Every structure is written in C-alpha cells, then in structure tokens.
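Reading through the structure tokens given below for one structure.
The values are calculated or read from the model by the stated rules, or taken from the named source; none is laboratory data. All of these numbers come straight from a predicted model, not from anything done at the bench. Here Cβ is always computed from backbone atoms with ideal geometry, including for glycine, and neighbour counts include all displayed protein chains. The area values use the complete protein model at the heavy-atom level, side chains included, leaving out ligands, DNA and RNA. Shrake-Rupley method; radii C 1.70, N 1.55, O 1.52, S 1.80 Å.
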Amino acid sequence: QVQLVESGGGLVQPGGSLRLSCAASGFTFRRYAMSWYRQAPGKERDMVATISAGGSTNYADSVKGRFTISRDNAKNTVYLRMNSLKPEDTAVYYCTVRVQGMDYWGAGTLVTVSS
C-alpha cells in the first residue's frame, strides 16, 4: 500500500524558510519521480516542483530560485526547502507519486506565511 506522509509545515514570517518532508512507503521509492503540489484557499492544486528518479528537477516559475526539491533514497524521503517565503506561498502542500498509472497523494501539510 502506497503511503505518503508530509510534515514540516507551519507558520512563518515573510522572508522566512521552511523545509517540508514527505516520507514514502509501499513502493520502490528510488525508481519513481516525486512531486510537490500546493493548493491555496479557493484555488486549484498546482505543481510546485518535481524530481525524477535520476535527480533531475523542475519548478513552477513562481518558486524558481527560492524552492529546492531533493530526495534521499536511503530514507525514502523527498524534501522541499522553501526560502524567501511570501504570503502568496500560503497553501496546503502535498506530496505525490504516480505508481503503475495511479496517482497517490499525502494528506498535506499547511504552510502559512504571515506577519
């Protein structure tokens, strides 16, 4: 059973930093691309960052230069380092993976950027 568990969200001031973690289980983690999405109140869920099995990364334009996705295959964990946070980064952040044609999502972790 594929399981994804996000952690690391919270309240942070504008300009601050957070690191999100997503612990994965139930599949061979190192073989799959992993992604972070986010959903702000009243908005659609959008891709934030993706990391391939080989470590190639891709980012939404809105977070390029501020966010970094990484993975630790020994720990079956994907991370999202978020720097220079802005109020518009406030959202629930989700970890996701596609395994054998099916998309799996974690429950999400809330990030609130506010002074």
* Can you work out ³J(HN,Hα) from phi for every residue in the range 31-45, in order, using Karplus 6.51 cos²θ - 1.76 cosθ + 1.60 and θ = phi - 60°, giving whole Hz and x for Gly and Pro? -> 8, 10, 5, 10, 9, 10, 10, 9, 9, 7, x, x, 10, 6, 7
* Asked: Restricting attention to the range 23-80, which trypsin sites (Lys or Arg not before Pro) occupy a DSSP loop and are surrounded by at most 16 other Cβ atoms within 10 Å?
  -> 43, 64, 66, 75
* Asked: What is the list of residues in the range 94-115 whose amide nitrogen lies under 20 Å from a point 7 angstrom out from the Cα of residue 31, following Cα to Cβ?
  -> 96-105
* To do: Identify the residues of the range 67-88 with backbone N under 18 Å of a label point that sits 7 angstrom from the Cα of residue 7 along the Cα-to-Cβ direction, or state none.
  => 70-82
* Top mean-square fluctuation among 25, 35, 70, Gaussian network model of the chain, C-alpha springs under 10 Å? -> 25
* Structure fact -> Long-range amide H partners of residue 86, meaning residues 5 or more apart or on another chain whose placed amide H is closer than 5 Å, are 15
* Quote to one decimal, in nm, the extra length available between residue 98 and residue 84 on full extension: 0.36 nm per residue of separation minus the C-alpha distance between them. => 2.1 nm
* Cα→Cβ-extended label distance, 7 Å offset, between residue 68 and residue 52, nm -> 2.1
* From the C-alpha gyration tensor of the range 73-115, pull out the three semi-axes of the equivalent ellipsoid (sqrt of 5λ each), sorted largest to smallest, in whole Å. => 25, 14, 8
* Given a 1.4 Å probe and the protein chains all in place, what does the accessible area of residue 37 round to, in Å² to the nearest 10? -> 60
